[in-house]
Each structure stands twice: as C-alpha cells, then as structure tokens.
Amino acid sequence: MARIFCIANQKGGVGKTTTSVNLAAGIAAHGKRVLLVDLDPQGNATMGSGVDKRALTCSVYQVLLGMVAARQAAVRSEQGGFDLLGANRDLAGAELELVDIDDRETRLKQALAVVDADYDFVLIDCPPSLSLLTLNGLCAAHGVIIPMQCEYFALEGLADLVNTIKRVAANLNPDLRIIGLLRVMFDPRMTLQQQVSEQLVAKFGDKVFATIIPRNVRLAEAPSYGLPGIAYDRASKGAQAYIQFGAEMIDRVHTL
C-alpha cells in the first residue's frame, strides 16, 4: 500500500516544489518506489524532474478528467529515479471542468487507487492556494508535509494552513493529518531564523522534522538544468539534507 503525502503551503516561494522533487529523489535513493504528482499548472516539478512539460502527451489533467489512467500517464524521471505524473498549462483549465463533475474533490484519490500497489510513496506537489486542485491533493493524501521558512510571516500563514487541514479532515478526508513541518532555506547565521525555529519546536514538538534543509546555491541551480538537486550535485549540503530527510520520512511512516 502506497503512503500518500501532500507537500503544501498556502504561501508561495517557500520551497514546495524543491522539496517535492528532492524528497522524491531522496526517498528513491533509499530504494523505495516513488510517484511524484505535479498538481501545479506551472509544471515546475515536472521540469525540475527532467521532463519537458511541453512534450507531455498525457498529464495529470487527463488523469483528473478520467481520459487516461494514472499508469498510462506516468513517465520516468531517469535523473531522479522516480515516476512522475506531470503537469502543464492544460491543468489550469481543469478546475473549471471539474466544477460540474460528481466527486470533484476525490478525482485524484480515485485515480491513485489504481496504482496503489505499484509504489511505496506518492508525493503530491500542490499549488500555493486553496484551489480545487489542492483540495484533490488533500483528499487523496494520508498526511501533509509543510515546508516553511523560519520567518514570522511564515508562522502567520501556518495557522491558516493548519485550519484548512482541519476543515478538510472534518468534512472530506478523516485520515488527513499533519505529518510534519520541514524547515527549509535555513541560514543558521541569522538570529531571527534560529528564534523562529526554536518557537516551532516549542509549539509543535516532534511534528517538526529533525532534518533541516539549508539555504544552498546548488539546490537553486539544479532546476535550470532540469535535474533534482540530488542528481545535480549529490555531495552538496542541500542534496545531502534531502537524502537524510528521505530516510527520516521512511522511518516516520513506520510510526504512523
């Protein structure tokens, strides 16, 4: 049975896509079968996995609308070592088309049920908004991984996201829970970031992942080469952190 996790945050620019791509590669590096689902019409996770979104013949758009099965639409990220349900601009129209469809919030859940035995982990990269696409991700998932920067504005946005997750759990997906908070783009030289990090641990305890993803130039460069950071420069601090985070996720799944 695949464990399905959303990488979500309603705030943009917090490293959701970087985390999605590199966590997929990090878990795959430990020998697990991984499917990454790109639910963002920008298709950044698709491009960052080494797949040209413009060349996709089938995407998550067709999967959501029931035109093709997930297994047919999945492509291989050779560089990352995982499978991908890619996205492109077509996905932007999916929300309008889904509005009049029955069970519109659970289309992704139904599609992923067919490939449940094919993977150990399914990771869903959600857009930075509470849209029908994000709702599909939250309804399909067993839990949410929240990447966040250690800044005060991020703390305010976190409260909104936690409330959203609670509402979805109460009304649509009772299995949904917060798996953990991942501190990303962390610079230990900044006192403010250290203070916010300490506050997170004090408030959320073991919901805060032990792994911390440092601010790292090599991670930032990797997408421009169409590579996960782990494939671009495995020895970099950022790549090593995501490999460590992959191991931590595998361990945490056993305790859920």
Original post:
Do we find that CYS139 is buried (at least 21 other Cβ atoms within 10 Å of the Cβ), part of a loop (DSSP other than H, G, I, E, B) and in contact with a helix residue (DSSP H, G or I) (Cβ under 9 Å, 6 or more places away or on another chain) in this structure?
Top reply: no
Original post:
If we scan the range 87-102, do we find a residue that is more than 17 Å from TYR61 (Cβ to Cβ) and surrounded by fewer than 20 Cβ atoms within 10 Å (Cβ to Cβ)?
Top reply: yes
Original post:
Considering only residues of the range 207-255 that are hydrophobic (A, V, I, L, M, F, W, C) and in contact with a strand residue (DSSP E or B) (Cβ under 7 Å, 6 or more places away or on another chain), which is modelled with the lowest pLDDT?
Top reply: VAL253
Original post:
Taking interchain pairs and intrachain pairs at least six residues apart, which have beta carbon atoms under 8 angstrom, with the first residue in the range 177-194 and in contact (Cβ under 8 Å) with a residue 40 or more places away in the chain and the second among the hydroxyl-bearing types (Ser, Thr, Tyr)?
Top reply: LEU182/THR19; LEU182/THR211; VAL184/THR18; VAL184/THR19; LEU192/TYR152
Original post:
From the list LYS237, LYS203, which residue is farther than 22 Å from GLY81 by Cα and surrounded by fewer than 19 Cβ atoms within 10 Å (Cβ to Cβ)?
Top reply: LYS203
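Please specify each residue of the range 170-193 satisfying the condition of being part of a loop (DSSP other than H, G, I, E, B) and farther than 29 Å from GLU105 by Cα.
Residues satisfying the conditions are ASP187, PRO188, ARG189, MET190.
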Original post:
Is one or more of the residues making up the range 13-22 touching a Pro at 6+ places or on another chain (Cβ under 7 Å), of a type in the set (Ser, Thr, Tyr), part of a loop (DSSP other than H, G, I, E, B) and in contact (Cβ under 8 Å) with a residue 12 or more places away in the chain?
Top reply: no
Original post:
Do we have any residue at all in the range 212-228 that's touching a residue at least 40 places away in the same chain (Cβ under 8 Å), surrounded by 15 or more Cβ atoms within 10 Å (Cβ to Cβ), in a strand (DSSP E or B) and not polar (S, T, N, Q)?
Top reply: yes
Original post:
In the list LEU161, LEU182, which residue meets the criterion of being touching a Pro at 6+ places or on another chain (Cβ under 6 Å) and crowded, with 18+ Cβ neighbours inside 10 Å?
Top reply: LEU182
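The values are calculated or read from the model by the stated rules, or taken from the named source; none is laboratory data. Only a predicted model underlies this, so the values are computations on that prediction, with no experimental measurement involved. Note that each Cβ is placed from the backbone with ideal geometry, even for glycine, and that neighbours are counted across all protein chains shown.
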